[in-house]
Every structure is written in structure tokens, then in C-alpha cells.
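Each remark here refers to the structure printed beneath this line.
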Amino acid sequence: MTTANVRCPQCHAEQTVTIPETTCLVSELCAHCGKKIALPQDSQNCCIICEYSDQRCPMSQQNT
Ligand SMILES: [Zn+2]
């Protein structure tokens, strides 16, 4: 299982999330502040893994 450290855009806390292998993770609740970590509407990225973590999701790696 692959994990990524997603950084919350609201409180900047990092949390470890499991990267889904077949879907894009478009939202996640921050374990620190409880707010929803969601992809910005103008984002070029496909998921919050690509947007807010140090990893790229498997889906985007296939497409590039
Ligand atoms: Zn947060």
C-alpha cells in the first residue's frame, strides 16, 4: 500500500493518507482541524494527492 503525506491547506498540518490505486482522491477530512481538504476548482491536478502531497497518484503517472 502506498501512502502520501497530505498537507492541509487550512491548518498546514500533515496527515498520512493511503493513495487509492484505481480512483482519484478528491477530498479528505483533515484529522487536525476537521475541515474538508478539497481540490480547488482551478486546479490542474486530478486529486488531493497530486495537489497537496509530496507524491503523485498512480492515475496521473499513467497519463503522463
Ligand atoms: Zn487542517
**Q.** Residues (under 14 Å from N45 (Cβ atoms) and in contact with a strand residue (DSSP E or B) (Cβ under 6 Å, 6 or more places away or on another chain)) located in region 5-26
**A.** V6, R7, I19
Q) If you take the residues in region 1-28 that are open to solvent by less than 40 Å² (accessible area, probe 1.4 Å) and more than 16 Å from the ligand (Cβ to nearest atom), which one is nearest to R56 (Cα to Cα)? A) I19
Q. How many residues, within region 32-56, are without any contact (Cβ under 8 Å) to a residue 24 or more places away in the chain, in contact with a Ser or Thr (Cβ under 9 Å, 6 or more places away or on another chain) and within 16 Å of the ligand (Cβ to nearest atom)?
A. 4
Q.
Just to be sure I understand, how many residues within region 1-17 are in a loop (DSSP other than H, G, I, E, B) and modelled with pLDDT of 95 or more?
A. 6
Q: Go through region 29-54 residue by residue and tally those that are in a loop (DSSP other than H, G, I, E, B), crowded, with 17+ Cβ neighbours inside 10 Å and either out of contact with any strand residue (DSSP E or B) (no Cβ under 8 Å at 6 or more places or on another chain) or polar (S, T, N, Q) (or both).
A: 2
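The values are calculated or read from the model by the stated rules, or taken from the named source; none is laboratory data. As the structure is a prediction and not an experimental result, all values here were calculated from the model. Heads up, the Cβs are rebuilt from the backbone with ideal geometry, glycines too, and the neighbour counts pull from every protein chain shown. With ligands, DNA and RNA removed, areas are computed over all heavy atoms of the protein, side chains included. Shrake-Rupley method; radii C 1.70, N 1.55, O 1.52, S 1.80 Å.
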